[in-house]
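Input: a single structure, listed below in structure tokens.
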Amino acid sequence: MKKKISRREFLGMLGIGTTTAATVLTGCKNNKEDALKDEYLNQVEPPVGKMTMRTNPKTGEKVSLLGYGMMRLPTIANESEDTNDDDIDQEQVNRLVDYAIEHGVNYFDTSPAYCRGLSERSTGIALARHKRSEYFIATKLSNFNEDTWDFKSSVQMYKNSMKELQVDYIDYYLLHGVGMGGMDNLNSRYIDNGVLNFLLGERREGRIRNLGFSYHGDVEVFDYLLSMHDRFQWDFVQIELNYLDWQHAKEINPNNTNADYLYAELQKRHIPSVIMEPLLGGRLTNIPQYMIKELKQHSPEASVASWAFRYAGTPEGVLTVLSGMTYMEHLKDNLLTYSPLKPTTPEENKMLEHIAEQIVKMETIPCNDCKYCMPCPYGVDIPGIFVHYNKCKNEGNLPVDVGSPEYRRHRREYLISLDRSVDKLRQPQHCIGCGQCEPHCPQRIRIPRELQRIDDFIENLKKQDLNSLSQS
């Protein structure tokens, strides 16, 4: 019988700092691109006053093409005996926000669900030190759990966002993650309980300046909400757009929708697009070296990430592109990309399409490390397991060919790096297949099935390792 852990125990297992996490999640081997990028960024400072701006067609306000996603904030280790949770490094958040605003970033996106519920408060502290006219705040009604679906709880969440953010109006407010759970979920969270009508009233009163939704999952929900545009008058919609999902999202997962369709439907109605997942949670930077080489041959000085950001920012209907920037080097790299934007050319798009086709053939797990599946009631580190597996596969180190001369080395490296990346108590063998995680996955990954597949793979590697030891 596997022990069910408490939320406190689970969060204790998560208690590692971002510096440590960056080290242990490197997986099978270091990516030379990271070192090259860091060396380049140490020599180049982003210019001030050059940020590409896009115009909100409703208000005429200028919005920075680079939006700050406050989902992966820097943390510091908490030494308290009462909790193992890491604290947000508020001083570092302030520094990042100050630098972003100084360089033209004015769109900051958060949620009551981010950073264990602490993102809005941290964002509010950092932004309150600036003039209200210098920034736009986007946050969400993240009423994912059934106990928050009733009208009172949802309205309380909305009002608490204003309190945490230290504002009396919200510039961009979203229904969060519509499409997950289909039409029944949409109706329960927003329609039948009267919450959407309440938010429309808040927009009329000016406490919400722009109302929209972020879309994941069932395209029926997306199409329905757009079919009601004459009634709801959506001011913006947040979608996942990148050079892989543009035409290949359905190939990776038949339940997903290609970004070219989503973007085109918004354009038909003149609704601005806010872009999330331009890097697919880092998957478009952790690509194999031969793909990186192809990008470097075209533009040696450009980081791998910059290609994805240029692609996502090129369509004119894009209002802003969100990036979760934990470190200053992330922020600087993205500022260099958008100060100003150099749109991708047809030739460059063709090259990126070629890379996308190769990524599809690799058949990695489409996990974006968003952590919406967490916490697992049994302590399994679902995204950590998937990130490690994908990284090893991307780097060509996955031990699958027994006849390969590198097989024994790759097998041993995989098992060692897994233990370094994911605590043994949180590895896939501890999944009992309860399925609580699956409805929350924006990519609609069949999580228990994938965990079982990886567990079988690991167990097979371990057996072979024991057999080789017994024969030696």
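The values are calculated or read from the model by the stated rules, or taken from the named source; none is laboratory data. As the structure is a computational prediction, the values presented were derived from the model and not from experiment. A quick note on method: Cβ atoms are made from the backbone with ideal geometry, for glycine too, and the neighbour counts reach across all protein chains shown. These area figures cover heavy atoms from the full protein model, side chains too; ligands, DNA and RNA do not enter into them. Shrake-Rupley method; radii C 1.70, N 1.55, O 1.52, S 1.80 Å.
Return the inverse of the average 1/r over all pairs of distinct C-alpha atoms in the stretch 169-315, which is the Kirkwood hydrodynamic radius, in Å to one decimal.
So the Kirkwood estimate lands at 16.7 Å.
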Need one number: nm distance between label points at residue 316 and residue 102, each 7 Å from Cα along Cα→Cβ, rounded to one decimal. 3.5 nm
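Could you give the dipole magnitude of the stretch 160-223 about its Cα centre, charging the beta-carbon of Lys and Arg +1 and that of Asp and Glu -1, in debye to the nearest 20?
Roughly 280 debye for the stretch 160-223.
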Largest first, what is the accessible-area ranking of 361, 371, 393 with a 1.4 Å probe? 361, 371, 393
Specify which residue in the list 279, 226, 215 is farthest towards the positive end of the charge dipole of the stretch 213-297, using unit charges on the beta carbon of Lys, Arg (+1) and Asp, Glu (-1), about the Cα centre. 279
In vacuo Debye sum over C-alpha of the chain, base-10 log of normalised intensity I(q)/I(0) at q = 0.08, 0.12 Å⁻¹, listed in q order, is -0.47, -1.12
Roughly speaking, to the nearest percent, how much of the chain's 1.4 Å accessible area is carbon and sulfur? 50 percent
Could you grab the relative contact order for the stretch 306-459? Cα pairs under 8 Å, six or more apart, rounded to a whole percent. 20 percent
Give me the Debye-computed log₁₀ of I(q)/I(0) at q = 0.12, 0.14, 0.18 Å⁻¹ for the stretch 96-215, equal point scatterers on Cα only, no solvent, two decimals. -0.43, -0.57, -0.91
Select from 439, 410, 429 the residue farthest towards the positive end of the dipole of the stretch 398-442; place +1 on Cβ of Lys and Arg, -1 on Cβ of Asp and Glu, and compute about the Cα centre. 410
DSSP bridge orientation in the chain - percent antiparallel, rounded to nearest 5: 15 percent
To the nearest 20 debye, what charge dipole does the chain have about its Cα centre, counting +1 at the Cβ of each Lys and Arg and -1 at the Cβ of each Asp and Glu? 220 debye
Evaluate the Debye formula for the stretch 193-278 with equal point scatterers sitting on the alpha carbons, no solvent, and hand back log10 of I(q)/I(0) at q = 0.19, 0.22 Å⁻¹, in q order, two decimals. -0.86, -1.07
For residue 401, what accessible area in Å² do you get when you roll a 1.4 Å probe over the heavy atoms of the protein chains, rounding to the nearest 10? 90 Å²
For a quick check of understanding: with a 1.4 angstrom probe and all protein chains in place, what accessible area in square angstrom does residue 265 have, to the nearest ten? 20 Å²
Taking a temperature of 10 °C and a viscosity of 1.306 mPa s, what whole-number D in µm²/s does Stokes-Einstein yield for the stretch 309-452 with Rh from Kirkwood over alpha carbon pairs? 88 µm²/s
Unit charges on C-beta of K, R, D, E only; dipole of the stretch 313-472, Debye: 440 debye
Segment residue 45-residue 147, extension gain: residue separation times 0.36 nm, minus the distance between their alpha carbons: 32.0 nm
Compute the relative contact order of the chain as a whole-number percentage, counting only Cα pairs closer than 8 Å that sit 6 or more residues apart in sequence. 18 percent
Answer with one residue from 68, 327, 200: the one whose Cα lies farthest towards the positive end of the charge dipole of the chain, charges on Cβ with Lys, Arg +1 and Asp, Glu -1. 200
Is the shape of the stretch 374-443 best called rounded, prolate or oblate, per the rule: a/c under 1.5 gives rounded, else a/b larger than b/c gives prolate, else oblate, with a ≥ b ≥ c the square roots of the Cα gyration tensor eigenvalues? prolate
